[in-house]
Amino acid sequence: MKKLISVILFISIIVGCLGQTGCDNEKYPNGEIKIFCWGEYIADGTFGSLDVINEFEKETKIRVSVFSTFDSNEQMYAKLKSNSASYDIIMPSDYMISRLIAEDMIQKINISEITNYNQVMDRCKGSVCGYDPTDEYSVPYSWGTLGLVYNGPLIEQLTGQSANEIVKGWDALWNKKLAKEMFMFINSRDSFGIAEKYLGYSLNTTNVCELKNAYNALKEQKPLVQAYIMDEIFDKMENNEAAIAPAYSGDIITMMNENDKLSYCFPEQGSNIFVDGICIPKNAKNIQNAHKFIDFLCKPNIAAANAQYISYSTPNVGAWEKLDDSLKYNKIAYPPDEIINKCETYMYLPPSVNSYIESSWTEIRN
């Protein structure tokens, strides 16, 4: 009897799966697409936002069969390099786009199929910023700057000084009065970049002495750091679990909206301005559908929905015009030229420098 029941259950599951496949084929006659992007980077219908993936599926009859997320460029790179999964769309940052081009890990995009490409601001394109010199491998999705988010009342309590006196630049992350009250990014490029700016160097230095000095600064900072994290900075800063952390502009806006004790500082030494792009991996299997998805994300109403949801700056002219005034004229999201002029874009570094940064960072964290 148990064998009979097992057989019946097995047959039921197979029939159910076949039935589901048949339904999917009818509902999505134009195939599928597999997406790998940052967490919470596409509006999903929560908090009154548009469900962008659902809208894409309805409009195109293409099923999003896989939607996976990563929390650092390095994590995404490692997964692609291992060939442990196949995706049709990825969303790397500028310097990682350069690396993926150099290592032949992404393919050219047929820009003629991106009918909304004319909406993309020139200032965010790879040919202007340097990460994609021919604008053939990526389409800009968002941009922003790196700054500091801090809990003013907590800093004043810990130091006995005004928070504005303590938090002026990156040196706040080396202030011993804030020991174990700070978070630091877990990824190597951002952490080295912060140390380099703290020391007055370029984010893209390849100078051996400067790289060693950055390594020593990060080693010196380690006893002060409560934790090396990334996305967790959201909840922990919102819950008053630390006094200060580096964070990207869109995330800072979101955190400040959730906790009125939090404030923003653009470091006086300057910082990073980044562009995240949309790319198609070399081993993508649904290339035509990938182009349709990129074009869909470039539609002004869709780009506006995503920008409103993630609070990051949009490179889409038509989308910016549709934003709520509270975001459209927010100086953290859309900073004045004097701040932008103090920013650098991460550039692709030689393999030997990348190797040094990654191995040194592993040593420091361990």
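Please label the shape of the stretch 119-193 as rounded, prolate or oblate, based on the square roots a ≥ b ≥ c of the eigenvalues of the alpha-carbon gyration tensor (a/c under 1.5 means rounded; beyond that, a/b larger than b/c means prolate, else oblate).
Judged from the Cα gyration tensor, the stretch 119-193 comes out prolate (a/c at least 1.5, a/b above b/c).
Post the alpha-carbon centroid distance, the stretch 292-366 to the stretch 62-112, in whole angstrom.
About 16 Å separates the Cα centre of the stretch 292-366 from the one of the stretch 62-112.
Can you give the FRET efficiency to the nearest 0.05 for Gln288 and Lys79, using r as the Cβ-Cβ distance and R₀ = 22 Å?
0.40
At 1.4 Å probe size, with every protein chain present, just tell me what the per residue accessible area of the stretch 18-137 comes to in Å².
That works out to 47 Å² for each residue.
Percent antiparallel among DSSP beta bridges with both residues in the chain, to the nearest 5?
Looking only at bridges with both residues in the chain, the antiparallel portion is about 60 percent.
Test of understanding: what is the full-extension gain from Asp44 to Ser86, defined as 0.36 nm times their sequence separation minus their Cα-Cα distance?
12.8 nm
Just read off the accessible area of Cys37 with the full protein assembly in place, 1.4 Å probe, to the nearest 10 Å².
In the full protein context, Cys37 sits at about 0 Å².
For a quick protection proxy, order the peptides 319-330, 68-79 by their average other-Cβ count within 10 Å, most packed first.
68-79, 319-330
Write down the accessible area per residue of the stretch 317-364 in Å², having rolled a 1.4 Å probe over the full set of protein chains.
54 Å²
With all protein chains present, how much of the accessible area of the chain (probe radius 1.4 Å) comes from carbon and sulfur, to the nearest whole percent?
51 percent
For the residue pair Tyr329 and Glu32, what label-to-label distance in nm results when each label sits 7 Å from Cα along the Cα-to-beta-carbon direction?
Between Tyr329 and Glu32, the simple spin-label model gives 4.8 nm.
Beyond a 25 Å Cα-Cα separation, which of these cross-linked pairs lie in this structure: Lys27/Lys292; Lys197/Lys322; Lys34/Lys282; Lys108/Lys322; Lys27/Lys125; Lys292/Lys322?
Where the Cα-Cα span goes over 25 Å, the pairs concerned are Lys197/Lys322; Lys108/Lys322; Lys27/Lys125.
Probe of 1.4 angstrom, ligands and nucleic acids ignored: what's the accessible area per residue over the stretch 145-277, in square angstrom?
For the stretch 145-277, the per-residue accessible area is 37 Å².
So, in nm, how far is label Asn204 from label Asn257 when the simple model puts each one 7 Å beyond its Cα toward the Cβ?
Going by the 7 Å Cα→Cβ label model, 3.3 nm.
What FRET efficiency do you get for Glu136 and Asn164 if R0 is 56 Å and r is their Cβ-Cβ distance, rounded to the nearest 0.05?
The value I calculate is 0.80.
The values are calculated or read from the model by the stated rules, or taken from the named source; none is laboratory data. Given the structure is predicted, the values throughout are model-derived calculations rather than measurements. Ideal geometry is used to build each Cβ from the backbone, glycine not excepted, and the neighbour counts take in all protein chains shown. To get the accessible areas, we keep the full protein, side chains included, count just its heavy atoms, and leave off ligands, DNA and RNA. Shrake-Rupley method; radii C 1.70, N 1.55, O 1.52, S 1.80 Å.
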